[in-house]
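Step one of this worksheet: look at the structure below.
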Amino acid sequence: MDKIRKYVKAKLSLEPTGHDFYHAERVAQMAQKIYVLENKIVDQSSLKIIIASSYLHDTIDAKITAEIEETKAEITALLQDDYTSAEIKAIFAIIEKMSYSKNLAKKQKLTIEGQIVQDADRLDALGAIGIARAFAFGGKNNNLIYDPDMPPRLKLTEKDYKSKNSTTVNHFYEKLFKLEDLMNTQTGQKIAHERTKYMKKFLDEFLTEWYLYKEDD
Ligand code: ADP
Ligand code: NI
């Protein structure tokens, strides 16, 4: 696992939009926690697939790299000594299919391991860390934090979603608040619910502060 961590650290340590190495590490830890809570028997091969997929999931994302094919070849080489070819295939099947935008276009079939990694990734978009990541992403993409004249777009195609022409507060409504109902596992659903509650409290406070001047009218 050290090899994989080192590789991801080198690739993502300077990633400024919340998809950095520590995001990958949190996803790996959360995914393991979900797996252990949901399964009485721990299958070592499943666990290996979950951890590798968690660490690697953002390295082949178009947002992060323009060199997707090269990166895939690097990953295959990286895994070759410690993973069977079936395990490598299982890892690619997860990291190529799990992203939110891919699933907007068409719901992708994921293995149980993939569903767990997807839940862990989505949980990292929620809660206090989720809030911080969303504003980091928005800032890097030149989005406003909030614009009262720009209502959230509640029905989004994959193209709309990728256009990034929205505010970060809108992103809460356009994606982040939808995640709790999209969780694959019960454990993920429970944690998502708590984290979403916290974000809604944050937005209440945000909008109360924003509209404070209205009371002076
Ligand atoms: P996926 O990789 O599953 O398709 P994204 O890369 O779109 O999902 O989202 C990963 C994280 O990046 C989100 O959880 C969110 O924090 C942030 N993000 C994505 N799009 C936006 C946006 N338009 N505004 C703010 N944050 C965003
Ligand atoms: Ni991610």
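The numbers here are math on the coordinates, done by the rules we state, and not lab data. For clarity, every value in this text was computed on a predicted model and none was experimentally measured. In this analysis, Cβ positions are derived from the backbone assuming ideal geometry, glycine residues included, and neighbour counts consider all displayed protein chains.
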Tabulate in residue order the Karplus-calculated ³J(HN,Hα) for region 55-68, using 6.51 cos²θ - 1.76 cosθ + 1.60 with θ = phi - 60°, rounded to whole Hz; enter x for Gly and Pro. 4, 8, 4, 8, 5, 10, 7, 4, 5, 9, 9, 8, 10, 5
Label model pair S101, F177: point-to-point distance (7 angstrom along the Cα→beta-carbon line) in nm is 2.4
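What percent do you get for the relative contact order of the chain when only Cα pairs under 8 Å and 6+ apart count? The partial results should precede the final answer.
Working: 229 pairs, mean separation 44.7, N = 217.
Rounded, it is 21 percent for the chain.
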GNM, the chain, Cα, under 10 Å: largest mean-square fluctuation among F137, F21, F206? F206
Can you find, among I68, T84, S54, the residue sitting farthest towards the positive end of the charge dipole of region 7-87, where Lys and Arg contribute +1 and Asp and Glu -1 at Cβ? S54
With the label point 7 Å along the Cα-to-beta-carbon line of T111 and a cut-off under 20 Å to each amide N, the hits in region 67-94 are 72-94
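How long are the three semi-axes of the equivalent ellipsoid of region 15-111, in whole Å, if each is the root of 5 times an eigenvalue of the C-alpha gyration tensor, listed from largest down? Display every interim value, and only then the final one.
Details: eigenvalues 88, 56, 41 Å².
Equivalent-ellipsoid dimensions as semi-axes: 21, 17, 14 Å.
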For the residue pair S45 and T84, what label-to-label distance in nm results when each label sits 7 Å from Cα along the Cα-to-beta-carbon direction? 0.3
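If the chain between R5 and A128 were fully stretched, how many nm would it gain, using 0.36 nm times the residue separation less the Cα-Cα distance?
Additional length available on full extension: 41.8 nm.
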With a Förster radius of 30 Å, plug the Cβ-Cβ distance of K201 and T157 into 1/(1 + (r/R0)^6) and report the FRET value to the nearest 0.05. 0.50
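Take the Cα gyration tensor of the chain, multiply each eigenvalue by 5, square-root it, and list the three semi-axes largest first, rounded to whole angstrom. The partial results should precede the final answer.
Details: eigenvalues 215, 73, 45 Å².
One finds semi-axes of 33, 19, 15 Å for the chain.
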